[in-house]
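Before any comments, here is the structure.
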Amino acid sequence: MNIVRGILDRLVLLAAVLVSACVPSFLAQYRQRLGGQLDQVHSDLAPFQVIADRNFGGSLSKMIDYHLASQDATFHREGAALQSMVDAAARLRGALQALNTDLVHQCLYLVRHPDYQLLRSTWSAYQPGFTLTLEGALFALVVGLLVWLLFLAFWHGMAAVFRTSGGAAPSPDNRRGPENRRSPEPPLGLP
């Protein structure tokens, strides 16, 4: 059983290091998609900014307020659409700023503020790669070791559970086979 555990724990360690070494590459591709979305929103807002520059002193928010105050339903909906684009630009800009940090904080940000649609689209086009930086190597080693230690704790915990659930330890007399058992000694003083 020790051989199986030895092989498994090394495989778990190797797999954990390799998978965690790909995390920086995934994060880079995620940030690229996020940046691409922000660029697209800015591109979509550019013609409206030109109109705002010409008619509203450069204030896009004044132009949006003007649209939203209109009694014309179509004009009002355009204002709502413009506001949603401005809000999306602010959200994307904030996400990019939050991801402009070290690997650990990037991972924590994605765990706390997941954008499932962006995560899915990044994963569907993800090309695994290794980032050859000191930070990436340290990240891979630390995460790999943590996963490996969790595996060892699980393995030894399950082994302890199976040892204790197998029943009480056999008594010294029961450990010997039937051929080795001593017959009970007669009480003292009796022939």
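Output the residues belonging to the stretch 1-56 that are hydroxyl-bearing (S, T, Y), under 21 Å from Y109 (Cα atoms) and either modelled with pLDDT under 90 or surrounded by fewer than 18 Cβ atoms within 10 Å (Cβ to Cβ) (or both).
Answer for the stretch 1-56, where residues must be hydroxyl-bearing (S, T, Y), under 21 Å from Y109 (Cα atoms) and either modelled with pLDDT under 90 or surrounded by fewer than 18 Cβ atoms within 10 Å (Cβ to Cβ) (or both): S20, S25.
Between a first residue in the stretch 98-112 that is farther than 14 Å from Q32 by Cα and a second residue that is small (G, A, S) and surrounded by 13 or more Cβ atoms within 10 Å (Cβ to Cβ), which pairs have beta carbons less than 9 Å apart while being 6 or more apart in sequence or on different chains?
Matching pairs, first to second residue: L103/G136; H105/A98; Y109/A95; Y109/A98.
For the stretch 147-159, what are the residues that are aliphatic (A, V, I, L, M) and in contact (Cβ under 8 Å) with a residue 40 or more places away in the chain?
Within the stretch 147-159, V147, L152 qualify.
Is there a residue in the stretch 99-113 that is modelled with pLDDT of 85 or more and touching a Cys at 6+ places or on another chain (Cβ under 9 Å)?
no
Take residues that are within 22 Å of the chain's Cα centre (by Cα) and free of Cβ contacts under 8 Å to residues at least 24 places away in the same chain and tell me which of the helices (runs of 4 or more DSSP H) falling wholly in the stretch 1-92 contain 1 or more.
Helices (runs of 4 or more DSSP H) meeting the threshold: 2-21, 23-55.
Looking at (1) of a type outside the set (S, T, N, Q); (2) modelled with pLDDT of 90 or more; (3) closer than 30 Å to V17 by Cβ, can you tell me which one Y66 breaks?
Against the list (1) of a type outside the set (S, T, N, Q); (2) modelled with pLDDT of 90 or more; (3) closer than 30 Å to V17 by Cβ, Y66 comes up short only on (3).
Find the residue count for the stretch 82-117, including only residues that are among the small types (G, A, S) and surrounded by 14 or more Cβ atoms within 10 Å (Cβ to Cβ).
Of the residues in the stretch 82-117, 4 are among the small types (G, A, S) and surrounded by 14 or more Cβ atoms within 10 Å (Cβ to Cβ).
From the list A80, A153, exactly one residue is modelled with pLDDT of 85 or more, closer than 30 Å to Q49 by Cβ and not basic (K, R). Which is it?
Unique residue meeting the criteria: A80.
The values are calculated or read from the model by the stated rules, or taken from the named source; none is laboratory data. Computed from a predicted structure; not experimentally measured. In this analysis, Cβ positions are derived from the backbone assuming ideal geometry, glycine residues included, and neighbour counts consider all displayed protein chains.
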